[in-house]
1. Rolling a 1.4 angstrom probe over the protein heavy atoms, how many square angstrom per residue are accessible across the chain?
2. What distance in nm lies between label points placed 7 Å from Cα along the C-beta direction at GLN18 and SER67?
3. For TYR116, what is the net charge nearby, where nearby means another residue's Cβ is under 14 Å from its Cβ and Lys, Arg count +1, Asp, Glu -1?
4. Computing the accessible area with a 1.4 Å probe over protein heavy atoms, can you report the carbon and sulfur percentage for the chain?
5. Go ahead and run the numbers for FRET between ALA34 and ALA100, Cβ-Cβ distance against an R0 of 35 Å, rounding to 0.05.
6. Net charge around PRO104, counting only other residues with Cβ within less than 15 Å of its Cβ (Lys, Arg = +1; Asp, Glu = -1)?
7. What shape does the stretch 8-76 take by its C-alpha gyration tensor, where a ≥ b ≥ c are the square roots of the eigenvalues and a/c under 1.5 counts as rounded, a/b above b/c as prolate, and the rest as oblate?
8. Can you match semi-axes √(5λ) of the Cα gyration tensor in Å to one of these, (i) 29, 17, 14; (ii) 23, 18, 14; (iii) 27, 20, 11, based on a calculation from the structure here?
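The values are calculated or read from the model by the stated rules, or taken from the named source; none is laboratory data. None of these values were measured; they are calculated from a predicted model. Neighbour counts run over all protein chains shown; Cβ positions are idealised from the backbone, glycine included. Ligands, DNA and RNA are excluded from the accessible area calculation, which covers all protein heavy atoms including side chains. Shrake-Rupley method; radii C 1.70, N 1.55, O 1.52, S 1.80 Å.
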Amino acid sequence: QPSTFGPVIGGALLCHDQIDNKYFFSWLSSHFGAPYKHEGGAYWFRTGEATLWGAPVTEVMVGDDTSELAFLAAVAEVPPDELEQSVRRASGVAYPAADATPYPLRISAPGGTIAYYNTKSKIYCAKFKPLPPRR
């Protein structure tokens, strides 16, 4: 994994940065090659043996601009409660459960989300795209 993977991708997934689909598509393409699929409004990149917060991350997705949201997401090979603990230990950002259901979304104060993805986790940050400048 590139040495900037944690600061660039990890920071964006924690919603500590702006989300710009074009920037992240370019960054991921230059470090991991072409996306292996385009599905569900996103380009999907395989990341090999990358890690974030001590958890293995196998895929990163970036929005394709068909939505009103710009987003970046990643699949971690651990359950959401484990990922939440790893993120909190490494970054100090907590992702409390949104409700008491068996598979709750975990949402941070900055707006990041950890969701169940079968036996894995999907962590993402989605933000509304900025409005174009007024003329």
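1. Details: 7520 Å² over 135 residues.
I get 56 Å² per residue for this part.
2. Inter-label distance under the simple model: 2.0 nm.
3. Working: positive: ARG106, LYS120, LYS122; negative: GLU77, ASP81, GLU82, GLU84, ASP99.
After counting each charged neighbour, the total is -2.
4. On the way: 4000 of 7520 Å².
Result for the chain: 53 percent of the exposed heavy-atom area is carbon or sulfur.
5. Working: r = 42 Å, r/R0 = 1.20.
The formula returns an efficiency of 0.25 here.
6. Numbers: positive: ARG106, LYS122; negative: ASP81, GLU82, GLU84, ASP99.
Result for the neighbourhood of PRO104: -2.
7. Details: a/c = 1.66, a/b = 1.20, b/c = 1.39.
In terms of gyration-tensor shape, oblate.
8. The value computed from this structure is option (ii).
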